[in-house]
1. Compute the signed sum of charges (Lys and Arg +1, Asp and Glu -1) over the other residues within less than 15 Å, Cβ to Cβ, of Pro42.
2. What is the local net charge at Lys133, summed over the other residues whose Cβ is closer than 14 Å to its Cβ (Lys, Arg +1; Asp, Glu -1)?
3. Have a look at Tyr255, Gly273, Tyr83 and report the one farthest towards the positive end of the charge dipole of the chain, computed about the Cα centre with Cβ charges (Lys/Arg +1, Asp/Glu -1).
4. With a 1.4 Å probe and all protein chains left in place, how much accessible area per residue does the stretch 88-196 have, in Å²?
5. Give me, ordered by chain and number, the residues 5 or more places off Phe136 or on other chains with an amide H under 5 Å from its own placed amide H.
6. Taking the Cα centre of the stretch 58-98 as origin, sum charge times position over the Cβ atoms of Lys and Arg (+1) and Asp and Glu (-1), and report the length of that vector in debye to the nearest 20.
7. So, by mean Cβ neighbours within 10 angstrom, what's the order for 226-237, 249-260, 119-130 with the highest one leading?
8. Short version: ³J(HN,Hα) in whole Hz for each residue of the stretch 269-274, in order, from phi by Karplus 6.51 cos²θ - 1.76 cosθ + 1.60 (θ = phi - 60°), x for Gly and Pro, what are they?
Amino acid sequence: MRVEHHIDLKPFNTFGLSSIAERMVHVEHPEELQDYFEGGEPSPSLVLGGGSNMLLTKDVAGTTLKIELPGIKVVKEDDDHVYVQVGAGEVWHQFVLHSIAQGWAGIENLSLIPGNVGAAPMQNIGAYGVEIKDVFYELEAYLTQDKTFEKFGLDDCAFGYRESVFKRGLKNKAVITSVTFRLNKQPTFHTSYGAIQQQLDAIGVQDLSIRAVSDAVIAIRQSKLPDPKEIGNSGSFFKNPVIDSAHFDQLKEKYPAIVGYPAGEGLTKVAAGWLIEHAGYKGKRIGDYGVHVKQALVLVNYGGAKGEDVFNLSEEIISTVNEVYGIQLEREVNVI
Ligand SMILES: Cc1cc2nc3c(=O)[nH]c(=O)nc-3n(C[C@H](O)[C@H](O)[C@H](O)COP(=O)(O)OP(=O)(O)OC[C@H]3O[C@@H](n4cnc5c(N)ncnc54)[C@H](O)[C@@H]3O)c2cc1C
């Protein structure tokens with residue numbers, strides 16, 4: 001186990017926020033988890049992947065476990081599918097590119113999502129009409145209380161919109177070590193969501209392929225979302241709230257341009273970005289932090305922000321949106 005002390009997490013989180021980790025333990029082999037937990041070490045304060053879905057508001061006392069488990073391995077194959085087991089420490093987008101190069105379909109719409117494979121099931125990452133639950137087969141996690149490795153199938157994970165059992169009942173109790181995906185040998189294209197088809201037309205794609213879809217998604221994301229290498233951020237800061245359709249209809253009378261989508265019987269999913277923008281926050285900047293100029297769902301660090309300031313801004317946004325629309329926003333980002 002490689003151990004370091006007093007590490008500034010600034011380069012380890014896409015918000016680019018400074019936070020001192022008292023002790024960082026690098027986990028490069030699954031057995032190291034066993035050694036750690038069976039060796040009587042205290043529970044870790046933080047499990048860290050790529051740091052692209054967290055807001056660090058303070059220093060991290062105790063131990064940060066940095067999950068760096070490698071490996072991409074085909075474990076099974078049938079006529080239609082290939083089952084690929086991927087180490088939790090692999091970079092998600094590199095795995096997407098690898099899959100495309102192999103001709104494995106199913107995750108091309110999830111191109112360029114930052115972070116590591118191990119964190120992808122945490123919030124059932126999704127984009128452009130696809131979520132990882134659509135290609136999920138199973139995962140392995142180390143249960144820190146039972147001190148055992150366990151397999152979780154699709155039903156065990158309780159995936160929902162940016163949700164899973166690992167954010168709820170098993171929060172801070174499971175370290176995901178690998179994820180096995182069931183990818184398709186024959187692609188089914190999902191191009192109707194967002195601007196994918198428009199982008200494919202603009203590039204002049206004649207023969208649709210998973211690479212073309214991935215390229216289109218990458219181009220759209222690069223034009224819409226701030227690159228964390230340039231402006232610190234964690235992607236969508238809030239979830240899109242799901243409300244009663246009756247409530248939505250009332251709001252629609254008052255705000256005809258409000259954006260919402262059917263979300264099951266009697267429910268509507270509202271675009272949180274629209275609510276935040278029309279509550280007056282889009283592009284708002286306070287010193288070194290604020291709301292992105294192009295995308296109101298994204299809070300940003302222009303350089304020297306403190307996590308606490310970004311958190312306070314998110315509190316203010318939640319309270320204003322509630323006052324104006326009677327809708328309670330929920331953070332997508334994990335506050336540490
Ligand atoms: C520019 C940008 C765009 C984004 N776009 C999207 C998008 O389109 N769709 C989407 O769903 N998300 C998006 N995200 C959010 C983020 O990329 C995903 O949530 C990603 O899966 C986080 O991975 P990570 O390794 O960085 O996780 P981290 O930020 O390191 O961790 C996230 C949470 O998971 C826990 N965790 C991490 N690894 C493990 C593990 N191995 N076992 C147990 N717990 C673990 C952490 O403790 C933390 O609570 C975006 C983020 C950015 C910055």
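The values are calculated or read from the model by the stated rules, or taken from the named source; none is laboratory data. Because the structure is predicted, anything quoted here is derived from the model rather than measured. Reconstructed Cβ throughout: ideal geometry from the backbone, glycine too, with neighbour counts over all protein chains shown. SASA here: full protein model, heavy atoms, side chains in, ligands and nucleic acids out. Shrake-Rupley method; radii C 1.70, N 1.55, O 1.52, S 1.80 Å.
1. The answer is -1.
2. Spelling it out: positives minus negatives among the neighbours equals -3.
3. Farthest towards the positive end: Tyr255.
4. Spelled out: the 1.4 Å probe surface of the stretch 88-196, per residue, equals 41 Å².
5. Under 5 Å from the amide H of Phe136: Arg182.
6. My answer is approximately 320 debye.
7. Highest mean packing first, the order is 119-130, 226-237, 249-260.
8. 8, 9, 6, 4, x, 5
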